[in-house]
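So the structure is just underneath, and the comments pick up after that.
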Amino acid sequence: MPLSDPGFFGGGLLAQAVLHPVLVLVLCIVAGIGTFLLLPSRREPATRKIGGAIALLALLVLGAVLFRWAAGSAASAPDAPKLNPYFWIFAAVTVIGALRVVTHPRPVYSALYFVLTIFSTAGLFVLLAAEFMAAALVLIYAGAILVTYVFVIMLAQQSQNSGDQPLAGLAEYDVVSREPITACAVGFALMGVLLFVIFDRPGGLPPSATGPFDTRALGETLFSRDLLSVEVAGVILTLAMVGAIAIARRRVPVSQADRLRETQPPPQVADNPHTIPIYGTDNPRQKAYPEA
Amino acid sequence: MNELVLQHYLAVGGILFVIGLIGFMTRRNLIVMFLCTELMFQGCALNLIAFGAYHGNLGGQVFTIMVLVIAAAEASLALGLVVLLFRHKNTLDANAWRELKG
């Protein structure tokens with residue numbers, strides 16, 4: 001049965017699909033090839049640059065198609081809510097940053113590109129009227145989690161032979177990817193299916209009535225309707241903290257002499273000020289310790 | 001917020017998730033692998049927020065708070081494990097632990 005048949009996938013929705021399935025397929029294959037070339041490997045740096053350019057091209061085509069559709073739909077229904085123009089900037093920075101997180105051979109740079117992705121995702125949250133979540137995202141991810149990551153990178157990353165090559169000083173496991181072809185095929189197949197399903201169905205559930213949507217309303221919801229989830233979150237965080245300390249602590253060998261010294265009472269210290277001799281002055285009044 | 005806006009945000013979330021998935025499958029550095037799981041969390045959180053805004057209620061944001069909590073817990077535990085594994089074999093290579101395969 002051909003894909004354009006009205007009976008396929010129920011009810012002729014494909015005729016109105018925004019992204020033609022062939023276009024989605026071609027875009028995913030092109031982006032998959034680009035990502036495969038961009039992934040860290042022992043290829044020439046020029047090859048990786050070409051791969052990045054191919055992936056960027058696929059992203060641009062996808063963005064252009066979606067932009068044309070959004071502009072056309074905004075022109076046909078002028079009173080409908082439109083996409084914020086900042087959406088395109090934030091979305092592009094998010095996706096490119098994520099691609100660099102995955103493909104940069106140096107872990108510290110990966111972490112920094114991840115911060116970039118976090119900030120642009122926070123921008124997308126602000127566009128969706130979730131200001132509190134944007135602030136929480138920046139605080140928790142860029143503030144707390146990333147610092148932990150960078151600390152662990154600095155603790156565990158040993159630098160090897162340094163030189164002038166672009167991949168010098170990197171361990172072998174950072175330079176060579178594991179199964180890049182399979183991973184790109186599986187990942188971009190999934191992406192194709194996702195994009196196809198997302199843009200296939202015009203007119204799903206109608207949006208329900210919009211309630212108060214600010215941080216105050218979020219707090220009231222959290223502490224009235226979703227109180228149990230807040231408590232569960234607290235328990236999970238406590239458990240994670242205890243577990244992390246228990247996992248990562250190191251057993252330090254203590255010698256017998258150290259243990260004996262710890263158990264003995266500390267030696268008596270002469271702390272009576274009157275027994276402290278005072279030197280360095282000829283004035284006998286100053287030699288007396290001032291009382292009270 | 002209408003259907004059109006929702007679909008664009010869902011597309012960005014899906015792309016973010018897939019990129020994180022590819023990174024988790026290809027990278028061999030344990031730290032970068034967990035960084036890629038955080039990318040996948042980002043994609044999920046973006047989808048939740050978009051759906052919450054689309055339906056006009058706060059359920060999506062409450063779910064996203066839970067996602068952030070799980071991400072923080074996962075990061076602390078996973079990085080503790082990474083430090084532990086690094087002390088054992090003195091490498092961050094995930095292939096060094098391939099005898100753990102079933």
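Remarks
- Centre separation in Å (Cα based) which lies between the range B:81-102 and the range B:37-62: 33 Å
- Placing A:106, A:251 in order of accessible area, with the largest value first and a 1.4 Å probe, yields A:251, A:106.
- Here the 3J(HN,Hα) profile of the range A:227-235, calculated from phi with Karplus coefficients 6.51, -1.76 and 1.60 at θ = phi - 60°, is 5, 4, 5, 5, 5, 4, 4, x, 5 Hz, Gly and Pro shown as x.
- Remark: the range A:26-41, residue by residue, has Karplus-estimated 3J(HN,Hα) of 5, 4, 5, 5, 5, 5, x, 4, x, 5, 4, 5, 7, 4, x, 7 Hz, where x stands for each Gly or Pro and the curve is 6.51 cos²θ - 1.76 cosθ + 1.60 at θ = phi - 60°.
- Heavy atoms of residue B:34 accessible to a 1.4 Å probe, total area in Å² rounded to 10: 50 Å²
- Protein-only accessible surface order, largest first, of A:238, A:263, A:121 at 1.4 Å: A:263, A:238, A:121
- In this Cβ point-charge picture (+1 for Lys and Arg, -1 for Asp and Glu), chain B has a dipole of about 440 debye about its Cα centre.
- Tensor-based shape of the range A:27-118 (alpha-carbon gyration tensor, a/c under 1.5 rounded, otherwise prolate or oblate): oblate
- Note, ³J(HN,Hα) from phi for the range B:56-61, Karplus 6.51, -1.76, 1.60, rounded to Hz, x at Gly and Pro: x, 10, 9, x, x, 5
- Between helix B:3-26 and chain B: long-axis angle, C-alpha atoms, 0 to 90°, nearest 10: 0 degrees
- Inter-chain shielding of A:144-153 (mean C-beta neighbours from other protein chains, 10 Å cut-off): 5
- Cα long-axis angle, helix B:30-55 against chain B (0 to 90 degrees, to the nearest 10): 10 degrees
- Largest accessible area first, the residues A:68, B:27 order themselves as A:68, B:27 under a 1.4 Å probe with ligands, DNA and RNA left out.
- Test item: A:103-113 mean partner chain Cβ contacts at 10 Å: 3
- Shape category assigned to the range B:9-90 from the gyration tensor of Cα positions, a/c cut at 1.5: oblate
The values are calculated or read from the model by the stated rules, or taken from the named source; none is laboratory data. No experiment lies behind these values; they were computed from the predicted model shown. Note that each Cβ is placed from the backbone with ideal geometry, even for glycine, and that neighbours are counted across all protein chains shown. Areas reflect the complete protein model, heavy atoms only, side chains present, ligands, DNA and RNA absent. Shrake-Rupley method; radii C 1.70, N 1.55, O 1.52, S 1.80 Å.
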